[in-house]
Amino acid sequence: MHGLRAVPPVELQKLAGRYGIPAHQVFVLDTSYRTFLSHLHQHDSVAAKNHYQPLQAAYYDRAGRLQSFYINCYAGGFPNLAWNAAGGLNQFPPKPQAPIDTALPLSEYLTYLRQPNGQPLPAQPLTKHTVIIQWSRFMGRQSRRLIQAAQRNAALASPQNAVRLLFVNNDNLATYLETRQAQLEAKSKLVAQ
């Protein structure tokens, strides 16, 4: 793992290139995602914890329903996360690895995605399957391994199963959340004194 810090757009494009992500598939997670997580935590803390994880692959069907979910805390493995330990990624769509929930339909998820320069997500073509892969610089090779696993899995889809892959970097959100948490803790200490 690498130190947590914001990743500017130029660096993000270079990093994505090193990880084998085509430039047109690179997006970032907007900081407004934290509002979704906070609201979700009030109703379902397990789902909130799962959607907060830094490494995720969420597989959606044409109707925008979550069909399969892969997250780092269910991957297991040492020293590398074992994304395909149970063989679920040997088929497309894959067998679920983490619990499926209805907390984040595709239509809502897409509202939290931005282009690397901060502009809104452009209109997306309708496909039979959409896979959103959250990755980060700070997770290093574990991000690379998830990206490769998702790309290999998507290659298993039949030609009539059109698949759209969206690779979403979450370093800026993680940095924002860490900074905000530190500020709240500092404020709390001042109030306690």
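The values are calculated or read from the model by the stated rules, or taken from the named source; none is laboratory data. For clarity, every value in this text was computed on a predicted model and none was experimentally measured. A quick note on method: Cβ atoms are made from the backbone with ideal geometry, for glycine too, and the neighbour counts reach across all protein chains shown. The area values use the complete protein model at the heavy-atom level, side chains included, leaving out ligands, DNA and RNA. Shrake-Rupley method; radii C 1.70, N 1.55, O 1.52, S 1.80 Å.
All conditions in (1) within 23 Å of Thr179 (Cβ to Cβ); (2) in contact with a His (Cβ under 8 Å, 6 or more places away or on another chain); (3) not basic (Lys, Arg) hold for Leu104, with the sole exception of (1). Number of residues in region 53-83 that are in contact with a strand residue (DSSP E or B) (Cβ under 9 Å, 6 or more places away or on another chain) and either of a type outside the set (A, V, I, L, M, F, W, C) or closer than 22 Å to Leu126 by Cα (or both): the value is 16.
Checking the conditions here, which among Pro99, Pro94 is crowded, with 21+ Cβ neighbours inside 10 Å and more than 25 Å from Gly17 (Cα to Cα)?
Numbers: Pro99 fails: crowded, with 21+ Cβ neighbours inside 10 Å.
Among Pro99, Pro94, only Pro94 is crowded, with 21+ Cβ neighbours inside 10 Å and more than 25 Å from Gly17 (Cα to Cα).
Of all residues in region 84-102, those that are in contact (Cβ under 8 Å) with a residue 40 or more places away in the chain have Cβ atoms under 6 Å from Cβ atoms of residues that are open to solvent by 60 Å² or more (accessible area, probe 1.4 Å) and aromatic (Phe, Trp, Tyr), 6 or more apart or on another chain, in Ala98/Tyr74.
Looking across region 159-193 at every residue that is of a type outside the set (S, T, N, Q) and part of a loop (DSSP other than H, G, I, E, B), the one that is least open to solvent (accessible area, probe 1.4 Å) is identified as Ala162. Please specify each residue of region 119-137 satisfying the condition of being in contact (Cβ under 8 Å) with a residue 12 or more places away in the chain and surrounded by fewer than 18 Cβ atoms within 10 Å (Cβ to Cβ). Listed by number, the residues that qualify are Leu121, Gln124, Pro125, Leu126, Thr127, Lys128.
The residues in region 99-139 that are in a strand (DSSP E or B) and modelled with pLDDT under 95 can be counted, and the count is 1.
The set of residues from region 140-151 being open to solvent by less than 50 Å² (accessible area, probe 1.4 Å), over 12 Å from the mean Cα position of the chain (by Cα) and modelled with pLDDT of 95 or more comprises Gln142, Ala149.
Per this entry, Leu156 is counted among residues that are of a type in the set (A, V, I, L, M), touching a Leu at 6+ places or on another chain (Cβ under 9 Å) and surrounded by fewer than 16 Cβ atoms within 10 Å (Cβ to Cβ).
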